[in-house]
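Trainee: Before I ask anything, let me first share the structure, which is written out below as structure tokens.
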Amino acid sequence: MRRYPESRRIIQPGSVVRGPIAARFPVSHCGWSVVLALAALLLIVATGCSKNDGNGGGSGTNAAHAAQKGSNGHGKNGRKPSQPPIPIAVETARTGTIASYYSATATLEAEKQARILARANGVIQSLQCEEGDFVREGQALLKIEDETYELLLAQAEANRQKFQDQFNRMKGLSDQQLVSMQEFERVRNDLRAAEAAEEIARLNLSYTTVRAPFTGRITSRMVNIGQNVNQATELFLIADFNPLLAVVHVPSKEFKLLKQDQAVNLTLDSNETRLSGRIKLVSPVIDPTSGTIKVTIEISEYPEGTRPGDFAEVSIVTERRYDRTLVPKISVFADRGDQIIYVAVVDSTAERRVVEVGFQDDESAEIVSGVENGERIVVKGQRSLKHGSPIKIIGDQQEVEAVPTSAVAETTRAGS
């Protein structure tokens with residue numbers, strides 16, 4: 001359609017009109033009102049043509065919009081572009097044995113501990129051991145001044161000898177029936193009392209040397225040289241570290257298969273060293289207050305430096321299951337309240353499975369339902385997957401870990 005840009009000019013009264021309008025409608029033959037009406041009509045027609053051209057010429061805008069839509073994930077046919085495969089690592093579900101564990105924290109204790117007390121009165125003359133020393137049963141630990149006890153022993157010996165001489169004389173006379181039996185029995189009883197007094201004096205003298213009651217280590221010394229002690233004064237603490245014990249209280253509902261000599265795993269809290277022990281004692285009764293059973297664990301072998309008082313995490317097997325489907329524990333994760341595993345299907349796609357998990361240990365998880373033995377389980381890269389995501393199985397798990405996080409994120413966005 002032909003445009004008349006001149007029609008947009010405002011015609012002032014008395015002005016000369018040129019161009020197509022002047023040729024067709026001379027001003028001299030028409031009034032100004034007619035000229036203005038025609039000008040308005042031409043403006044309306046020109047505006048309509050401009051709109052039509054906008055729709056036709058707007059195909060460029062529509063093309064840009066279509067191009068933008070295509071860039072949002074749709075091609076010429078409205079299909080999504082192919083998603084690049086996500087690198088993963090897999091392991092095969094297998095059949096095996098798994099156990100349930102009862103875990104608790106226990107304090108390591110020495111099997112034998114004792115407070116060594118003074119049994120004689122006096123001043124400490126010397127010390128033969130120090131804290132941390134290893135001592136054997138009967139070894140001297142401390143000496144108390146013993147002059148008084150030696151004198152008492154000498155006095156008791158002399159008294160006993162006196163009655164011994166009397167008894168010897170009386171016995172000769174009794175054999176000749178020169179003394180009564182009553183007199184002879186009196187002298188014999190006096191001798192027995194003197195002998196007992198001598199033994200007591202000798203025993204008291206022995207108490208001035210304090211000795212180890214059993215083989216172990218001195219864990220504490222409470223006295224010093226020159227200190228005056230009385231009977232029952234605490235001198236040392238001694239403990240036998242071999243073996244060490246750990247006591248736990250197992251709920252009766254968790255008890256099940258616990259028995260003596262059963263193997264137990266322990267982990268030291270101080271340095272995370274793993275230890276092995278065995279159940280030494282199982283209480284025959286249930287504590288009515290707590291509903292637990294006391295279990296004593298014996299640890300015969302442990303690294304040097306392990307001491308009573310250290311905390312240990314104790315794991316006791318309470319039940320075992322055989323011929324169960326097992327997968328790596330790291331392959332199972334929670335998603336919106338479900339336990340999820342991804343399975344590699346024909347080396348090309350990932351399949352999302354909701355599974356029921358049974359027992360778990362440090363490495364494996366029992367799958368009650370959802371996975372069959374022999375299926376390939378995704379153990380690396382599974383958190384970047386969706387159901388049906390294309391995958392690429394990489395044999396070396398380190399290659400999966402080496403994939404940049406940004407690349408995984410880009411892959412995930414492309415598939416969303």
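Trainee: Only one of VAL295, VAL317, VAL248 is aliphatic (A, V, I, L, M), under 30 Å from THR92 (Cβ atoms), touching a strand residue (DSSP E or B) at 6+ places or on another chain (Cβ under 9 Å) and touching a residue at least 40 places away in the same chain (Cβ under 8 Å). Can you tell me which?
Mentor: None of the others qualify; the one that does is VAL317.
Trainee: Checking the conditions here, which among ILE238, ILE225 is assigned to a strand (DSSP E or B) and either of a type outside the set (Phe, Trp, Tyr) or surrounded by 13 or more Cβ atoms within 10 Å (Cβ to Cβ) (or both)? Let's see the steps before the verdict.
Mentor: Numbers: ILE225 fails: assigned to a strand (DSSP E or B).
Criteria check complete, one pass: ILE238.
Rundown of residues vs (1) in contact with a strand residue (DSSP E or B) (Cβ under 9 Å, 6 or more places away or on another chain); (2) surrounded by fewer than 18 Cβ atoms within 10 Å (Cβ to Cβ), yes/no style:
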site	(1), (2)
ALA118	yes, no
GLY122	yes, no
GLY132	yes, yes
GLU145	yes, yes
THR148	yes, yes
LEU151	no, yes
ALA154	no, yes
ALA158	no, yes
GLN166	no, yes
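Trainee: A follow-up question, please. Output the number of the condition that GLY358 fails; it satisfies all remaining conditions of (1) over 30 Å from PRO84 (Cβ atoms); (2) outside any strand (DSSP E or B).
Mentor: Among (1) over 30 Å from PRO84 (Cβ atoms); (2) outside any strand (DSSP E or B), the lone unmet condition for GLY358 is (2).
Trainee: Identify, from the list ALA350, ALA334, the residue that is at pLDDT 90 or above, surrounded by fewer than 18 Cβ atoms within 10 Å (Cβ to Cβ) and part of a strand (DSSP E or B). Working first, answer last.
Mentor: Details: ALA350 fails: surrounded by fewer than 18 Cβ atoms within 10 Å (Cβ to Cβ).
The match here is ALA334.
The values are calculated or read from the model by the stated rules, or taken from the named source; none is laboratory data. Here the structure is a predicted model, which is why all the values come from computation and not from measurement. Note that we place each Cβ from the backbone using ideal geometry, even for glycine, and neighbour counts take in every protein chain shown.
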